[in-house]
Ligand code: ADP
């Protein structure tokens, strides 16, 4: 038993001059409360009140008001579609449960009729009023969708209209509650409901003048207006904050897009973020999970705040940093003087004291779970800063952007290194092609001629045979060396070499290099070699095998370019607190001043490869430079000019803080070439 006709339609049909208006739900709530207040104000004598709620849940919000209203009148009817326990009953007032399919479930009615007062609200919810409001963004907190629901209908204090509305609703009440016929009849008689004389067309003065105090009504409406205005204000503030946040994220993303220089991007990020959040300090620095310390690279400062840019920042004994690493998320401290994590740590207490950090936020910069850096915010003034969720979200968003920027810069830097390696490889390849013609073809054709002669002339005298064989063997040895040096150099240049740094004594490396020289120079007698290493040389840190290689090559060169009666001196001194300088000096043919640098070029040989007598590939010094650069040292040549002898110097880092006796770990294996 449900009724599909709308009370509003029925009313408009019987009073065609009425023009329905649009009302938002918030306005209807205000009007309804004002109308109810009028009854509660006790100025009306036993009025008739009919209220119809779309759903039980809407009624429940108002139930307590209706219990109070029931003390003012025994003619109160409340209609609603039941959901849980709403049912027909007559306890404090008359409850009328209508079918959920009844057109009433789309409508909102309130009618109040007294002897000298009448007002009514007859409305129907506009279809789609909720879906339209879905466009309101989710983050906008104050404009909830419900208050934006729309209704169309009539709100009036015209007695005739109110009486008609009461009649329509009472008719419907009797359908659901026929047991109320007598009570309804009493109300109709008292207020002349159903009596056509009562109805006064527009313009005709109502028979009952309204002399009611309307103050509560006005007050209620003003309160609602204020509340709505306040909500609107809040919503605008939230929109403005959101817009500022978007601008900030945008400006940092733009900086990232425009620049591949991470320094610039991080500086902009620190500046904008610090400024936006009004922080005393905003720090951004690079750090990995296992780092013991970090250098504070980027800083934003509020005027008057002490700068800590460039300082080393403790990470290892920093429980806040460790918490960030362990949980992979930011940590914030509202009041550092009352936070156990800070007060129980000596490191943090010192920082707090020294740099006046009162409120603290440490946010990780992560990329795929890997820690790349940290964003820190410090507030130094009182009262301590209360962190808002919005701020934390913002810092997290910025940290994500920074992560992307750092990865982008890292990828770009890797690309540059790869490019350089590719270029080096390409140069080496071109050089290889260039020397094949000379260096490789010459010995190869000699070998070929010798072997052909041996094969085709069986009558060749034995002595000549031996000469041919020796020549072929010499040239194949020269080719082997060339190929070996070439491979070593290209491995060094393309970074395909593994370094095994260890603590070494120089003496032991020199000894090894000299013993290698002796095994090679079996025929010619080398010039005299003297070793003059300073006493108490500290331990050095380098890859032992490669260090012996450098020494052997330099000594080898010195022997090649110095006559037998000359002198070769190997000396070493500590030249700074970080490096030992090793010198291999000879009294040989010397180097012209303008050649001191080019001798390190690949394939450089003063007399050109074809005319050379001393052997060698022209790659030795280039290999030495690659090796020395590999441990962060330098290598250079000195000479007073032709026949004035040469000195080759190179540096090796010292083992920091080590005074222990040397425990050389040089692998005693044969020479590399
Ligand atoms: P090479 O295999 O020709 O010795 P290096 O790269 O070792 O190749 O040396 C390049 C060139 O530098 C040599 O050919 C020579 O002209 C010059 N050079 C190297 N060491 C000395 C030295 N001790 N005295 C004079 N010239 C040298």
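What follows is calculated from the coordinates using simple rules that are stated; it is not laboratory data. A quick note: this is a predicted structure, and the numbers were derived from the prediction, not measured. Methodologically, a virtual Cβ is constructed for each residue, glycine included, from the backbone with ideal geometry; neighbour enumeration extends over all protein chains shown.
With runs of 4+ DSSP H residues as the only contributors, calculate the mean residue ellipticity of the chain at 222 nm using -39,500 (n - 2.57) per run, divided by the residue total and rounded to the nearest 500.
For the chain, the value works out to -14500 deg cm²/dmol.
Give the Cα extents of the stretch 429-491 along the principal axes, in whole Å, largest first.
Rounded to whole Å, the extents work out to 46, 17, 12 Å.
Once the Cβ-Cβ distance between residue 254 and residue 656 is put in as r, and R0 is 45 Å, what FRET efficiency do you end up with, to the nearest 0.05?
E between residue 254 and residue 656, to the nearest 0.05, is 0.55.
Going by alpha carbons, how many degrees (0 to 90, nearest 10) lie between the helix axis of 56-69 and the longest principal axis of the chain?
The angle comes out at about 50 degrees.
So how far apart, in nm, are the two label points at residue 476 and residue 302 if each is 7 Å from Cα heading toward Cβ?
A separation of 8.2 nm, rounded to one decimal place.
So what is the relative contact order for the stretch 279-433, in percent, with contacts set as C-alpha pairs under 8 Å and at least six apart?
22 percent
Treat each spin label as a single point 7 Å out from the Cα along the C-beta direction, and report the residue 230 to residue 63 distance in nm.
2.7 nm
What per residue convex hull volume, in Å³, do the alpha-carbon atoms of the stretch 524-570 yield?
Once divided by residue count, the hull of the stretch 524-570 is 75 Å³.
What full-extension length gain, to one decimal in nm, is calculated for residue 643 and residue 223 as 0.36 nm per residue of separation minus the Cα-Cα distance?
Contour length minus Cα-Cα distance gives 140.6 nm.
Residue separation times 0.36 nm, minus the C-alpha to C-alpha distance between residue 564 and residue 536: what's the value?
Length gained between residue 564 and residue 536: 6.9 nm.
For 314, 477, 107, what's the fewest-to-most ordering of other Cβ within 10 Å of each Cβ?
477, 314, 107
Go ahead and run the numbers for FRET between residue 397 and residue 451, Cβ-Cβ distance against an R0 of 51 Å, rounding to 0.05.
The value I calculate is 0.10.
Nearest 10 degrees, 0 to 90: what angle lies between the long axis of helix 544-560 and the longest principal axis of the chain (Cα atoms)?
Once rounded, one gets 40 degrees.
Output the Kirkwood hydrodynamic radius of the stretch 259-413, Cα pairs only, in Å rounded to one decimal.
So the Kirkwood estimate lands at 15.4 Å.
Calculate, for residue 497 and residue 354, the FRET efficiency according to 1/(1 + (r/R0)^6) with r their C-beta to C-beta distance and R0 51 Å; round to the nearest 0.05.
Calculated transfer efficiency: 0.70.
Shape call for the stretch 86-128 from the C-alpha gyration tensor, a ≥ b ≥ c root eigenvalues: rounded (a/c under 1.5), prolate (a/b greater than b/c) or oblate?
The shape class here is oblate.
Give me D for the stretch 1-88 in µm² s⁻¹, whole number, from Stokes-Einstein with Rh from the Kirkwood sum over alpha-carbon pairs, 4 °C and 1.567 mPa s.
This corresponds to a translational diffusion coefficient of 87 µm²/s.
How much length is gained on full extension from residue 465 to residue 45, taking 0.36 nm per residue of separation minus their Cα-Cα distance?
Between residue 465 and residue 45, full extension yields an extra 136.8 nm.
On a 0 to 90° scale, report how tilted helix 181-191 is relative to the longest principal axis of the chain, with both axes built from alpha carbons and the result rounded to the nearest 10.
Between helix and principal axis, roughly 80 degrees.
What fraction of the Cα pairs in the stretch 339-477, stated in percent, has a spacing above 27 angstrom?
I get 62 percent for the Cα pairs in the stretch 339-477 exceeding 27 Å.
Send over the per residue convex hull volume for the stretch 494-653, Cα only, as a whole number of Å³.
With only Cα atoms used, the stretch 494-653 gives 118 Å³ per residue.
Note the per residue figure in Å³ for the convex hull of the C-alpha positions in the chain.
Convex hull volume per residue, Cα atoms: 305 Å³.
Could you tell me which of rounded, prolate or oblate describes the stretch 16-60, using a ≥ b ≥ c as the square roots of the eigenvalues of the alpha-carbon gyration tensor, with rounded for a/c under 1.5 and, failing that, prolate when a/b is larger than b/c and oblate otherwise?
Because a/c hits 1.5 or more and a/b fails to exceed b/c, the stretch 16-60 counts as oblate.
Compute the normalised compactness of the stretch 286-360: alpha-carbon radius of gyration over 2.2 N^0.38 Å, N being the residue count.
1.09
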